[in-house]
Amino acid sequence: MNHSRLLARAATPVAALAGALALAAPAFAHVEVESATPQALAVGAVVAFDAEGESKTAGISQVRVALPAGIAPGDVTLADGPKGWQLSAVDGGYQVAGPALAPGRSAAYKIKVRQLPDAPQLVFKSLVTYTDGRVDRWIELPQGGAEPAHPAPVLKLTAAAPGAKPLPATGTSAPPSTTASASAAPSTGAPAQAAPSDTAAPSASPAASAGGSSGSGAATVAVVGVLVVAVAGVLLWRRRAARG
């Protein structure tokens, strides 16, 4: 047997193993998050995000984030980011936006959090918007041990320091807009949107349902009343006939 056949036979199982490992390997997060102080109840923690630019023809113009439980929009300010980008509060989270970045450039920015909550991990579901209208939704969480196709950025936290306690509430939910540079950032013109979510829209309001039930009940009562009057009339007629 020649050497080429031996090499081919040896390479076959190696290639198969490499393919299996490639399929089993989890996908890399396309919005990454990290912190120098990833500890529960840490005060003034700076959290860094890196949203990868995945388009070759359009740049990122906005990143919208749903805050995890325990962090209010008013607890977040912009610590650093692309020049001219601003942070503003939205329902359930915040958005950072400004002049569009060059195609392929990542949107790297940092936020300062008044205090991290007492939790083992924090999930920051994110929507990344491009100038051509494309929106990448990084909001999925692992299920059954499988890595999702569009994973949400997750920050793992260590246990709180001994004696650490939650700070008192500030009584505010939305801070004024903060900017990444001294110059005012132009408006992106993007319409306001709700914070990222993977939950379905709620059904009809309880008030509307109650109104429908009330109308049906009134109709039923009216029909029963008519039947009672009719039966009473028949009985009265029979009694009079029997007497006659």
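Of these, 184, 102, 161, 119, which one is at pLDDT below 95, hydrophobic (A, V, I, L, M, F, W, C) and in a loop (DSSP other than H, G, I, E, B)? Spell out the reasoning first.
On the way: 102 fails: at pLDDT below 95; 161 fails: at pLDDT below 95; 119 fails: at pLDDT below 95.
Testing whether each residue is at pLDDT below 95, hydrophobic (A, V, I, L, M, F, W, C) and in a loop (DSSP other than H, G, I, E, B) leaves just 184.
Restricting 12, 77 to those that are at pLDDT 95 or above and of a type in the set (S, T, N, Q) reduces the list to 77. If the condition is being in a strand (DSSP E or B), in contact with a Ser or Thr (Cβ under 8 Å, 6 or more places away or on another chain) and acidic (Asp, Glu), then segment 67-99 contributes no residue at all. Across segment 46-75, the number of residues qualifying as surrounded by fewer than 21 Cβ atoms within 10 Å (Cβ to Cβ), within 11 Å of residue 122 (Cβ to Cβ) and either in contact with a Cys (Cβ under 7 Å, 6 or more places away or on another chain) or of a type in the set (A, V, I, L, M) (or both) comes to 1.
The values are calculated or read from the model by the stated rules, or taken from the named source; none is laboratory data. Just so you know, these numbers come straight off a predicted model, no measurement behind them. Neighbour counts run over all protein chains shown; Cβ positions are idealised from the backbone, glycine included.
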